[in-house]
Amino acid sequence: MKSRHIKLYIISTILTVTTLLIAACATAPITGRKQITIIPEDEILSMSFQQYAQIKKDSELSANQRDTEMLMAVGKRISNAAETLIKEMNLNLKMNWEFVLIKDDKTVNAWCMPGGKVAVYTGILPYTKTEAGLATVIGHEVAHALAQHGNERMSQGLLVQLGGATLSAAMSSRPETTKNLWLQAYGMGTQIGFILPYSRTHEYEADRIGLILMARAGYDPTEAIFFWERMGKSGGQKPPEFLSTHPPDEKRIAAMKDNLPEAMKYYTESQ
């Protein structure tokens, strides 16, 4: 009898998840790829603002004025380019841009939450080196937000690990699991399991969109190649978090070179 109940539960769960997958199938902004997003925009933004505020509270912000000013300058130019793209493509995205530089020299990472909440860790600055290098990183992370990759990955997590529960319900019933899913979805922790294959697709998309954003912001997109070459040499046996789910260096750089002519058109127009 117990075995029968388990089978019925499994069948019910599969049917529920399948129904949600069909209902939630949408077209990714900019790329046109089909993606699964089951979290309403207002819920994702509310969670984003709460988590971002908590991370700022728990982190030590950099007191280096030069680096902070560089981040703000690059962030403004990239966010302006993103806003232009949002208007041109008539995307339903609400952005309230904010950039913080977190003092953590051991963490080679950066991320962008929904709503334009961006954090850069000081550990990545030795690899960005210049404004254009930093624009590569910020453009890439903002591209994830524009393409709604975080919502897609968070939705996948809710479907696979929590049976398709809503974000608010998941936070109420299993807050720790939900928080961990959030950290994984937005690149703030080690990426593992089912998220890994999807992430590589997202990375290629973010590379292309990021090149366009930095080019439209007036940064030479060829600098992105040099940045990723430096990052590739930094990996060793255990790559930094920023590379944890990224495509192999050779394939990523080859794909970026293929996308350079498109980006260079925007760069030429920006000059």
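Using the structure shown, select from Lys103/Lys265; Lys56/Lys257; Lys103/Lys129; Lys233/Lys265 the pairs with a Cα to Cα distance greater than 25 angstrom.
The answer is Lys103/Lys265; Lys56/Lys257; Lys233/Lys265.
If you rank Leu45, Leu260, Leu211 by fewest surrounding Cβ atoms within 10 Å, what's the result?
Working: Leu45 19, Leu260 16, Leu211 27.
By the 10 Å Cβ count, ascending, the order reads Leu260, Leu45, Leu211.
If you look at just the Cα atoms of the stretch 40-126, how large are its Rg and its Dmax in Å?
13.8, 39
The numbers here are math on the coordinates, done by the rules we state, and not lab data. These figures come from a predicted structure and were not determined experimentally. Cβ coordinates were reconstructed from backbone atoms using ideal geometry, including for glycine residues, and neighbour counts include every protein chain displayed.
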